[in-house]
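Presented below is the structure to which this report refers.
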Amino acid sequence: MNNLDHRIKEYFKAPAPKRKEEFINSLAPSEISFARFVISQAGYIRKLTWILFSLVIVGITAVPFIIDSSVIWFVSGLMPLLALLMVSEGNRSMRHKMAEIESATRFSLRSVLLARMVLMGTVNLVAIVIAIPVSTHFGDYSAVASGLYIVTPFLVAASAGLYIVRVMKGNTALYSVAAVSLFISLFMFLSRDRFASLFIKDAVKYWGLIALLALVAMVKQTAMLIKNTEEITWNW
Amino acid sequence: MELVIDRLSKQYGAKIAVDRISVKLNKGVYGLLGANGAGKSTLMRMICGILKPTGGTVTFDGIDSDKEAFRAILGYLPQDFGYYPEFSAKDFLLYIAALKAIPKKEAKKRVAELLELVGLSDVANKKIKTFSGGMKQRLGIAQALLNRPKLLVLDEPTAGLDPKERVRFRNLLGSIGKDCIVILSTHIVSDVEHLSDEVMIMKDGSFIFQGKWNDSEMSLEDFYLSQFEEDEDHE
């Protein structure tokens, strides 16, 4: 702005706006799309969640260079922790009593839950996509068997966790989900030595069946969690 | 601008929380008065579309309360609300602005305006967990105003406010009520007397009074208290 502009502004002061609010209210509000909303929600996932997720990815990719024997047990033991992160993000609105305010906004609690589940589901899928080839390459099992040993503990922990946060309240729900996830993690870490018969070639089809059932349960629990948002706002 | 509540009911088993309430509201501030358990919060939640009625409808200019277009014109302050512990006041408002579909650039401006309006500008970047009850309540009021609502529903908005904050809130509501429909629930009679254009008194899920309080022989407070005396007489 040059000197003349300054001087004109000094001599001819703009009048104070009249009926500013009325004018603003008459304008059509600008809005963001649902896709942009989902992306914006990534910024509101807790930093701790991103840090833990990154550590799991580092663990998956670094473990073949640290331990000599098959890495599959270590990697599959990390999978329930990813499920724990996903469930914990999905449960945040209820845990922190934000559900009612979120329900009354344009996108509503349903969209918030959906956005979080989509985001966490996507990053977990990335982790699984990295884990399967790593475990197959550095392990003793086929790609299908490795995939099932990795995906099954994740799906079982996720479906159980989503069920728990639907029926239990507050921090108790979170602690219960953490306990179930840690139990599944420990089971996978210790299973090679104690339950070797579970991992013979003939048992792979049973792992497939469990994975399928757990996938159906996880989808069902997610849908119920999103559908029952009214119950959530009323009861939490 | 018209909010139509038509035979609105909510039943939980044998208990009727809200019993066939019908009312038409236009621009102005409406005070909803009632004892704890009278059904105020249930009614407010149904008006906001977050609780499904057992019967009846709520529409704003013909838009049903369960529609996105209805939520787009709604501002709501619940009686009891929380916050994410890592949020500052500014984060909280920007987050709610995103949920209200307000673009980021516009949201930043609006958040600054509202923080100024509710007197929280100087603590905008402080964590909410360090706030007093009154500051949290003011932040709650600010989030309800983010989308310049045409329907503003405030459940016990004066709870936790000190006298100075109450005066500030009264002035704020007086100016907002000129352009939109404001419904505020409370069990404090003086709030309704000072803030509202019209009064709705609720008891056992129904309105026992609705309109301007013009009775020169009996004050609103006396009438309200007499309802409890009747209850005691029955017992």
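Read-outs throughout are calculated quantities, based only on the coordinates presented, and are distinct from any laboratory measurement. Computed from a predicted model, the values in this text were never measured in an experiment. Neighbour counts are summed over all protein chains in view; Cβ atoms, including those assigned to glycine, are modelled from backbone coordinates with ideal geometry.
Annotations
- Trypsin sites (Lys or Arg not before Pro) within segment B:16-47, DSSP loop, no more than 15 other Cβ atoms inside 10 Å: B:27
- When the C-alpha to C-alpha distance is required to be over 25 Å, the pairs from B:104/B:178; A:18/B:126; A:97/B:136; B:67/B:100; A:18/B:108 that qualify are B:104/B:178; A:18/B:126.
- Spin-label pair residue A:143/residue A:206, simplified geometry with 7 Å Cα→Cβ offset, distance in nm: 2.7 nm
- Inter-part distance where segment B:38-83 and segment A:138-189 are each reduced to a Cα centre, Å: 38 Å
- Zero-based 10 Å bins, Cα pair distances in segment B:82-148, whole percents: 24, 61, 16
- Of the residues B:173, A:85, the one with the fewest other Cβ atoms within 10 Å heads the list, and the complete ranking is B:173, A:85.
- Counting neighbouring Cβ atoms within 10 Å and putting the fewest first, the residues B:48, B:180 line up as B:180, B:48.
- For chain B, built as a Gaussian network whose Cα springs stay under 10 Å, the top-fluctuating residue of B:207, B:87, B:169: B:87
- Acute angle (nearest 10 degrees) that the helix B:89-99 long axis makes with the longest principal axis of chain B, alpha-carbon atoms: 70 degrees
- Overall Cα dimensions of the protein assembly as shown, principal axis frame, Å, largest first: 89, 81, 39
- Fluctuation leader among B:89, B:69, B:124 - chain B, Gaussian network, Cα springs under 10 angstrom: B:69
- Chain B: calculated mean residue ellipticity at 222 nm from DSSP helix runs of at least 4, using -39500 (n - 2.57): -11000 deg cm²/dmol
- 0 to 90° range, to nearest 10: angle between helix A:143-167 axis and chain A longest Cα axis: 60 degrees
- Relative to the longest principal axis of the Cα atoms of chain B, the long axis of helix B:133-145 lies at roughly 90 degrees.
- Residue of B:197, B:215, B:61 that the Gaussian network model of chain B assigns the largest fluctuation, springs spanning Cα pairs under 10 Å: B:215
- Projected onto their three principal axes, the Cα atoms of chain A cover extents of 89, 47, 26 Å, largest first.
- Cut-off of 10 Å, at most 15 other beta carbons, DSSP loop: longest stretch of chain A lacking such trypsin sites (Lys or Arg not before Pro): A:47-168
- Within segment B:1-60, none of the chymotrypsin sites (Phe, Trp or Tyr not before Pro) combine a DSSP coil assignment with at most 13 other C-beta atoms in a 10 angstrom radius.
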